[in-house]
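See structure below.
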Amino acid sequence: MSRAATNLQIDSARLWGSIHETAQFGATAKGGVRRLTLSSEDKQVRDWFRQACEDAGLEVHTDALGSQFGLRKGRDMSKPPVGIGSHLDTQPTGGKYDGILGTLGALEVIRTLNDAGVETEAPICVVNWTNEEGSRFAPAMMASAAYVGDFTTDDILSRKDAEGTTVGQALDSIGYRGDKPVGFQKLGCFVELHIEQGPILEAEGKTIGVVDSGQGVLWYDGKISGFESHAGSTPMPLRRDALATLSEIVLAMESIAKKLGPNAVGTIGEAVIANPSRNVIPGEIAFTMDCRSADGAIMDALDRDLRAAIAEIAARRKVEVKIDLVWRKPPTHFDPKLISAVENAAKTLGYSSRRITSGAGHDACNLNTIMPAAMVFVPCKDGISHNELEDATQPDCTAGTNVLMHTVLAIAGVAS
Ligand code: HGY
Ligand code: MN
Ligand code: MN
């Protein structure tokens, strides 16, 4: 690698400026970001990102699900591009860094290579994946899942949000239903920079997480059908209370995950009472469940024990509980060669690092099913994420982006 490239460092102030400039799109009063996928706020950041990619000389295209691809030519265009990037959508009470650091860090890599006049052998492609969060439309990591063939484009376009709007309608409403078919942009590999979204790196004083694996995910849609009746005149033993039933399910989920832990987690993050009223016993509730483990056998145990507990609760309370497994993502084991490239980049740059498993799902986890993939983590304050308090430091974000850049240079090769 040329001497210039060996010592290359990103422009820390420019990266930090971009992160905070884009945080205005969907900024919340508590200092977070609310940028649900395919919302008007998402359109604002997408427009900003497309312009920034074009200004950096990238050839920008959008696919049928709105994912944005910015291609930087390499000396040898016969080589598949090295993919880098993440997502720009957020949770309803999201932060400034989840997804954004990886996408804008990838842009900063391009900007730095441009400034230094570094040409790589292989091309590089920056990606903003549509709907990584899965909050408005399920599943999470939706567009990268379609890219790797887990879902058809039409299936995803028909997915509906809570208001009944389809992905296709939402794409059209912001003008991001692209003209390229999903999968048009081939990638040779994918490396994603992301905040850890957990407490380990900060607690151990490590700057870089070399991600070697990721938890598997189980998503369920649930429906409880009890019986609406008068809150005052219905004796307790005669009630078929949907909310009391759900309360038992929540506690059962918690004790099953703890029993199967520490490598198991379970969450009920959504619950909607149909026709809620203070003096009516809840008769019907729709809810969702999210279970995860890095061990496939524990995932199976979570599913088995949860179903058994729900069946017992439903029978005892004389209510019907239906649960549908709507998404099963097996655990991820990233590519050993790419993992080493990340680890070597961290060591060469003098950053402390440790191997780590990702608790969260990421687009790289999907890409890893059809190509070599890996991830670079940096710490986030108190391990907090999916919360408006999410925070990270400029030095850590700079370090992570430098590691991403040198990993890319090692994979793509430097022509000049
Ligand atoms: O759910 C996840 O793990 C990701 O943050 N969408
Ligand atoms: Mn993310
Ligand atoms: Mn997230």
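The values are calculated or read from the model by the stated rules, or taken from the named source; none is laboratory data. Because the structure is a prediction, the values reported are computed rather than measured. In this analysis, Cβ positions are derived from the backbone assuming ideal geometry, glycine residues included, and neighbour counts consider all displayed protein chains.
Count of the range 47-93 residues, restricted to those that are more than 20 Å from Asp150 (Cβ to Cβ), in contact (Cβ under 8 Å) with a residue 24 or more places away in the chain and not in a strand (DSSP E or B), is 20. Within the range 155-183, being surrounded by 14 or more Cβ atoms within 10 Å (Cβ to Cβ), assigned to a loop (DSSP other than H, G, I, E, B) and not hydroxyl-bearing (Ser, Thr, Tyr) holds for Arg159, Asp161, Arg177, Gly178, Val182, Gly183. Among the residues of the range 361-376, which ones are within 15 Å of ligand 1 (Cβ to nearest atom) and not in a loop (DSSP other than H, G, I, E, B)? Scanning the range 361-376 gives Asp363, Ala364, Cys365, Asn366, Leu367, Met375. Of the residues making up the range 85-125, those that are farther than 17 Å from Gly26 by Cβ and within 16 Å of ligand 2 (Cβ to nearest atom) are Gly85, Gly102, Gly105, Ala106.
Yes/no matrix, rows are residues, columns are (1) within 15 Å of Ala252 (Cα to Cα); (2) touching a Phe, Trp or Tyr at 6+ places or on another chain (Cβ under 9 Å); (3) in the same structural domain as Asp155 (by TED's automatic domain parsing):
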{"residue": "Leu306", "(1), (2), (3)": "yes, yes, no"}
{"residue": "Ala311", "(1), (2), (3)": "yes, no, no"}
{"residue": "Val319", "(1), (2), (3)": "no, yes, no"}
{"residue": "Ala341", "(1), (2), (3)": "no, no, yes"}
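Looking at the range 299-319, is at least one residue in a strand (DSSP E or B) and aliphatic (A, V, I, L, M)? Checking the range 299-319: not a single residue is in a strand (DSSP E or B) and aliphatic (A, V, I, L, M). Within the range 331-345, the only residue that satisfies the criterion of being of a type in the set (Ser, Thr, Tyr) and in contact (Cβ under 8 Å) with a residue 12 or more places away in the chain is Thr332.
Among residues belonging to the range 368-395 that are of a type in the set (A, V, I, L, M, F, W, C) and in contact with a helix residue (DSSP H, G or I) (Cβ under 6 Å, 6 or more places away or on another chain), point out the one that is farthest from Val148 (Cα to Cα). Per the stated criteria, the residue is Val378. Looking across the range 381-416, the residues that are buried (at least 24 other Cβ atoms within 10 Å of the Cβ), of a type in the set (Gly, Ala, Ser) and closer than 11 Å to Ala345 by Cα come down to Ala399, Gly400. So for the range 348-356 (the condition being under 19 Å from the mean Cα position of the chain (by Cα), within 23 Å of Gly134 (Cα to Cα) and surrounded by 15 or more Cβ atoms within 10 Å (Cβ to Cβ)), does at least one residue qualify? No, every residue in the range 348-356 fails to be under 19 Å from the mean Cα position of the chain (by Cα), within 23 Å of Gly134 (Cα to Cα) and surrounded by 15 or more Cβ atoms within 10 Å (Cβ to Cβ).
If I filter the range 331-360 down to residues being of a type in the set (A, V, I, L, M, F, W, C) and outside any helix (DSSP H, G or I), which single residue comes out as nearest to ligand 2 (Cβ to nearest atom)? So the residue we want is Ala360.
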